[in-house]
Every structure is written in structure tokens, then in C-alpha cells.
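Participant: Please read through the structure below; I'll follow up with questions.
The values are calculated or read from the model by the stated rules, or taken from the named source; none is laboratory data. Because the structure is a prediction, the values reported are computed rather than measured. Note: ideal-geometry Cβ built from the backbone for every residue, glycine included; neighbour counts use all protein chains shown.
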Amino acid sequence: MKVKIYHDRQACIDCKSCTMLAPTHFGDGEDGKVTLIGGKEEKDLVFVKEVEVDEEGLEEIKSAAESCPVGAIKYEVEKS
């Protein structure tokens, strides 16, 4: 299934829970802050990427989003 991931770097407090729960998608950027790996800036420090995942991959993304204390991670599952 296709999933669109959104990461608001401005809202991010860099707790790094997402890097532990979804290391395929989140890592440390060059500036030391969490970054959405392969994400493209859509607007004002909100980065977006589309990925194809299975159920396990979706659970990883959900866990990262739910663990974010400031809600800086959002996702949408695209209907097929």
C-alpha cells in the first residue's frame, strides 16, 4: 500500500523516538535534528515522502507518529 508521510521539522523537539521506531524513514540530519529520510520540503519545514509498504511497514510508521510528543509526524494511507 502507498503511504504519504509528513514530518514538521519546525514542530519537532528532536526526542528521536521516531528514529528508534522507524529507522527506515527517520534519521539524524546533517544539522543533528531528526529528518525524514528521502523527504522533500513541501512548505515551511514540512517534509513529505511517499512510500510503498506492507502491513509491518505501516505499523512502523503508525508507531513513530503515535510516539511523537508534539505531533510532528502525520501519515495518510492512499486508497487504491
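Participant: Given the structure, is residue 38 on the phi > 0 side of the Ramachandran plot, modelled with pLDDT of 95 or more, surrounded by fewer than 12 Cβ atoms within 10 Å (Cβ to Cβ) and among the small types (Gly, Ala, Ser)? Quick ask: steps written out before the conclusion?
Facilitator: Values: on the phi > 0 side of the Ramachandran plot: yes; modelled with pLDDT of 95 or more: yes; surrounded by fewer than 12 Cβ atoms within 10 Å (Cβ to Cβ): no; among the small types (Gly, Ala, Ser): yes.
Taking the combined requirement at face value, the residue does not satisfy it.
Participant: Quick one: residue 60 ticks every box in (1) of a type outside the set (Gly, Ala, Ser); (2) assigned to a loop (DSSP other than H, G, I, E, B); (3) under 14 Å from residue 1 (Cα atoms) bar one, so which box is it?
Facilitator: Unmet condition: (2).
Participant: So which residues in segment 63-76 are surrounded by 18 or more Cβ atoms within 10 Å (Cβ to Cβ) and in a loop (DSSP other than H, G, I, E, B)?
Facilitator: Answer for segment 63-76, where residues must be surrounded by 18 or more Cβ atoms within 10 Å (Cβ to Cβ) and in a loop (DSSP other than H, G, I, E, B): 68, 72.
Every residue, every condition in (1) at pLDDT 95 or above; (2) in contact with a helix residue (DSSP H, G or I) (Cβ under 7 Å, 6 or more places away or on another chain); (3) among the charged types (D, E, K, R), yes or no:
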position	(1), (2), (3)
2	yes, no, yes
8	yes, no, yes
19	yes, no, no
23	yes, no, no
31	no, no, yes
49	yes, no, yes
58	yes, no, no
75	yes, yes, no
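Participant: Taking into account only those residues within segment 1-41 that are free of Cβ contacts under 8 Å to residues at least 24 places away in the same chain and in a strand (DSSP E or B), which is nearest to residue 79 (Cα to Cα)? Even if it seems obvious, please write down each step before you answer.
Facilitator: Start the filter on segment 1-41 by keeping residues that are free of Cβ contacts under 8 Å to residues at least 24 places away in the same chain, which leaves 14, 16, 19-20, 23, 27-32, 37-38, 40-41.
If we keep only those that are in a strand (DSSP E or B) too, we end up with 27-28, 40-41.
Numbers: 27: 28, 28: 31, 40: 22, 41: 23 Å.
This residue is 40.
Participant: Right, next: Please name all residue pairs, on different chains or six or more residues apart, with Cβ atoms under 6 Å, provided the first residue is in segment 57-72 and is farther than 22 Å from residue 43 by Cα and the second residue is hydroxyl-bearing (Ser, Thr, Tyr) and part of a helix (DSSP H, G or I).
Facilitator: So the pair list comes out as 67/17.
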